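K.L.:
For reference, the structure I am asking about is given below.
Since every read-out is calculated from the coordinates, none of them should be taken as a lab result. Predicted model, so just to flag it, every value in this text is computed and none were measured. Neighbour counts run over all protein chains shown; Cβ positions are idealised from the backbone, glycine included.
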Amino acid sequence: MRVYDIILKKRNGHELSDEEINFFINGIMDGSIPDYQASALLMAIYFKGLNKRETAQLTMAMVNSGDVLDLSGIAGIKVDKHSTGGVGDKISLIVIPLAAAAGVPVAKISGRGLGHTGGTVDKLEAISGFNTELSKETFFDNVNKYKMSIAGQTANLTPADKKLYALRDVTATVDSIPLIASSIMSKKIASGADCIVLDVKVGSGAFMKSIDEAVLLAETMVEIGKSLNKKTIAVVSDMSQPLGHEVGNANEVKEAIEVLRGDGAEDETEVALTIASYMTVLGGAFSEFNEAYGYLKGIIESGKALDKFKQLISIQSGNPEVADNPELLPQAKHHIEIKSSQEGFVYSIDAESIGVAAMLLGAGRRKKNDSIDHSAGITIKKKVGEKVNHDDTICILHTNLENWDEARVSAENAFKIMKTANKPLKYIHDI
Ligand code: URA
């Protein structure tokens, strides 16, 4: 078999066989296929697509390129969730304790972030002492005893995806539905859970800019899950503005605490309750969504949800007092208020520009090995639809850096203010 012929076949719009897909992934792994040919095939896939069978095969070939976690040492139906990525997306911090409080085991493997803001591990590390470098025994013990644990990725999961993602990132081939679907699903399948809830983000801050595209990505991932006997549900949620009010690592922990305490932002609370409800339905704790939703809302009101978050912090060696005193989280030296120069209503907030501004303030990484500043971030004071007077603060930048000009411009330009209010945004577009 020659990779040249595989590239030609896909370039001409034909279906690849399972053997050809395996040959490609094996060649990526053993170095026999050079980056320029791998990139050419990725570009051909970008333009010609993959059908369901090819996408499922690519997923499995990537799963088989590394370790697959065996969670059978954990009792019960293990549920995982994954977001396609957005700005201010702290949903994992909220749904892990919620699902666990309903008795559904969540054994979560999470990564660090690259680009806009931190990943879930970075966010939790804003809590002093929080440790995600757990041995397999501690990880399993935590989930068996407390129904939850979160570990940074140490096992060699889906190395082929890492190589391909690095190439896609520099060849403008990230935003291809079959490539995103196989990349995400390969990681979820290798992480070993029985059921998966996917949070597919749509809008300016997401890979998918239109609802139709997001639904297609969601359907593609659900199909892959089904074909591999993993119960999978996808929620298509809004990312046309940052989620909630806080962006940045410590800021997002603070906001997750607010949601778990019952006084969180409306959009954040709605998306978190929806995702957590589907997790608990798939995990078998409830037979239907409304029952799950009502229960989870109730445990937020009773304080049980916040107690569960405190327990998560304690079992991972963090300081649980942050849940009652969020001011114990790292605080930045400078807080720069950005004021509106006009009067009107917030028409849109470009999530990507806010994400970039947060990164420039120190909250995210430009390169893989950059360190991040947990205290850096942005507080959005006015969300889409809100009335703004001249000189009202629309957002606050938090940073330890002495020069924030570039971040200020990016954050300021993110806000579009118009004379009249637009239609209220939907938080959940489809299931
Ligand atoms: N997230 C992933 O893990 N992979 C993609 O391709 C896109 C988003």
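K.L.:
For the modelled label position 7 Å from the Cα of ASN229 along Cα-to-Cβ, which residues of the stretch 172-191 have backbone nitrogen atoms closer than 20 Å?
P.N.:
Hits in the stretch 172-191 for ASN229 at 20 Å: 185-191.
K.L.:
Using a Gaussian network model of the chain with C-alpha springs under 10 Å, which one of LEU216, LEU243, LEU361 is most mobile by mean-square fluctuation?
P.N.:
Greatest mean-square fluctuation among the candidates belongs to LEU216.
K.L.:
Could you compute the net charge surrounding LEU260? Neighbours are other residues with a C-beta less than 13 Å from the C-beta of LEU260; K and R count +1, D and E count -1.
P.N.:
That sum, taken over residues with Cβ under 13 Å, equals -1.
K.L.:
What does the net charge come to around SER353 if you take all other residues with beta carbon closer than 13 Å to its beta carbon, with K and R at +1 and D and E at -1?
P.N.:
Numbers: positive: ARG408, LYS416; negative: ASP350, GLU352, GLU406, GLU412.
For residues surrounding SER353, the net value is -2.
K.L.:
Return the Rg/Rh value of the chain, two decimal places, where both radii are evaluated on C-alpha atoms and Rh is the Kirkwood radius.
P.N.:
Taking Rg over the Kirkwood Rh, I get 0.97.
K.L.:
Averaged over all directions, how much area does the convex hull of the C-alpha atoms of the stretch 232-380 cover when projected, in nm²?
P.N.:
Mean projected area for the stretch 232-380: 11.5 nm², to one decimal.
K.L.:
Only four residue types carry charge here, +1 at the Cβ of Lys and Arg and -1 at the Cβ of Asp and Glu. Report the dipole size of the stretch 291-431 about the Cα centre in Debye, rounded to the nearest 20.
P.N.:
Roughly 360 debye for the stretch 291-431.
K.L.:
Let me ask you something else. Evaluated at 25 °C with a viscosity of 0.890 mPa s, what Stokes-Einstein diffusion coefficient in µm²/s does the stretch 281-331 have when Rh comes from the Kirkwood expression over alpha-carbon pairs? Let's see the in-between values first.
P.N.:
Values: Rh = 12.6 Å.
Result for D is 194 µm²/s.
K.L.:
Using a Cα-Cα cut-off of under 25 Å, which lysines could be cross-linked to LYS426, ignoring same-chain neighbours fewer than 8 residues away?
P.N.:
Within the straight-line cut-off, LYS426 pairs with LYS81, LYS90, LYS201, LYS209, LYS254, LYS297, LYS381, LYS382, LYS383, LYS387, LYS416.
K.L.:
At what distance in angstrom do the alpha carbon centres of the stretch 107-164 and the stretch 344-392 lie from each other?
P.N.:
25
K.L.:
Something else: In the chain, what percentage of the DSSP-assigned beta bridges are antiparallel, given to the nearest 5?
P.N.:
Restricted to the chain, the bridges split so that about 50 percent are antiparallel.
K.L.:
Shifting gears a bit: Could you give the length gained on full extension between SER341 and VAL409, defined as 0.36 nm per residue of separation minus the Cα-Cα distance, in nm?
P.N.:
Extra length available between SER341 and VAL409 comes to 23.1 nm.
K.L.:
What Kirkwood hydrodynamic radius, in Å, does the stretch 185-319 give when the mean of 1/r is taken over all pairs of distinct Cα atoms and then inverted?
P.N.:
Evaluated over the stretch 185-319, this radius sits at 16.3 Å.
K.L.:
Between helix 405-414 and the chain, what is the angle of the helix's C-alpha long axis to the longest principal axis, kept within 0 to 90° and rounded to the nearest 10?
P.N.:
In the chain, helix 405-414 runs at an angle near 90 degrees to the longest axis.
K.L.:
Moving to a separate point now. Counting Lys and Arg as +1 and Asp and Glu as -1, each charge on the Cβ, what is the dipole of the chain about the Cα centre in debye, to the nearest 20?
P.N.:
580
K.L.:
How large is log10 of I(q)/I(0) for the stretch 330-418 at q = 0.17, 0.18, 0.26 Å⁻¹ when the intensity is taken from the Debye formula with one equal scatterer per alpha-carbon?
P.N.:
-0.66, -0.72, -1.26
K.L.:
Angle, helix 351-361 long axis vs. longest principal axis of the chain, Cα atoms, 0 to 90°, nearest 10?
P.N.:
On a 0 to 90 degree scale, this one is about 80.
K.L.:
Could you list log10 I(q)/I(0) for the stretch 55-144 at q = 0.12, 0.13, 0.23 Å⁻¹, which the Debye formula gives when each Cα is one point scatterer?
P.N.:
-0.46, -0.55, -1.35
K.L.:
A further question follows. Using Cα atoms only, what is the angle between the long axis of helix 177-190 and the major principal axis of the chain, expressed in degrees (0 to 90) to the nearest 10?
P.N.:
On a 0 to 90 degree scale, this one is about 90.
K.L.:
So, counting K/R as plus one and D/E as minus one, what does the shell of residues with Cβ under 14 Å around GLY284 add up to?
P.N.:
Net local charge, GLY284 excluded: 0.
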